[in-house]
Amino acid sequence: MSTTTTTLRSLGADRDAHWVLATPFRAHLRHLSRSTGVPWRALALAAGVEPTLVRALLHGRGGRPLKRLHPEAARRLLELTPRSVEGLRHRRVVAGEVPRRLRELRSAGVGTEELAAWLQVPQPEVLALLEGPPGCCTELTALLAEALWSARGLEPVAA
C-alpha cells in the first residue's frame, strides 16, 4: 500500500471524510498540463497523489467520470499551480534513481531522442545522466523520468 493511500485512510477517507466534487480538480489538472506542458503522471507525482487516482480523475473508471475526490487529494492537487510547476524546472535535486531508470528505459528500446523529448531537456543532458557519474538534475526531470518509467509498466519507488 502506498504512502498516499495510507495517509488518506488515516485521515478517514473510507468513513468520515467530506468528499469534494471532482469536476473543478479535473479542469485544474487539464489546465495545468496544457499550460505547463507537463504530463498528468508527473503532475500526480509532484502533488504526492497516486497516479491511478489522477488517471481516474481525468479519464474515469469503467467508462464513468470520477464524481468525488477526497479533500486531502484535492488540497494537494490545488497546491499545484503553473508557477509551482515552473519552479520544478529550476530546483536542482540529487539525480538518485534517475540514471538507473533512464538506462532501463534505453535498454527497453526508448531512444535518447525520445528520452530528451519526454524529459524536456537537450540530448546532451540525457547523455550526461545516462553515462556520467551520479549527479544532479532538476526536480521536474526526476519526476518526468519516474512518470515515464511507471508509464512503461514499472512500479514507481514510494517516497
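The values are calculated or read from the model by the stated rules, or taken from the named source; none is laboratory data. If you're wondering where the values come from, they're calculated on a predicted model, not measured in any experiment. In this analysis, Cβ positions are derived from the backbone assuming ideal geometry, glycine residues included, and neighbour counts consider all displayed protein chains.
Structure summary
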| item | result |
| --- | --- |
| Matching helices (runs of 4 or more DSSP H) fully within segment 65-159 where at least 1 residues are of a type in the set (Gly, Ala, Ser) and crowded, with 16+ Cβ neighbours inside 10 Å | 71-78, 112-119, 123-131, 139-151 |
| Residue in segment 32-40 that is out of contact with any helix residue (DSSP H, G or I) (no Cβ under 8 Å at 6 or more places or on another chain), touching a residue at least 60 places away in the same chain (Cβ under 8 Å), exposed (fewer than 14 other Cβ atoms within 10 Å of the Cβ) and not assigned by TED's automatic domain parsing to the domain that holds Ala145 present | yes |
| From Leu57, Leu45, residue being outside the structural domain of Thr141 (by TED's automatic domain parsing), in contact with a strand residue (DSSP E or B) (Cβ under 9 Å, 6 or more places away or on another chain) and part of a helix (DSSP H, G or I) | Leu57 |
| Complete set of residues in segment 73-114 that are in contact with a Lys or Arg (Cβ under 8 Å, 6 or more places away or on another chain) and in contact (Cβ under 8 Å) with a residue 24 or more places away in the chain | Leu105, Ala108, Val110 |
| Residue count for segment 7-49, restricted to those that are within 14 Å of Pro82 (Cβ to Cβ) and at pLDDT below 85 | 0 |
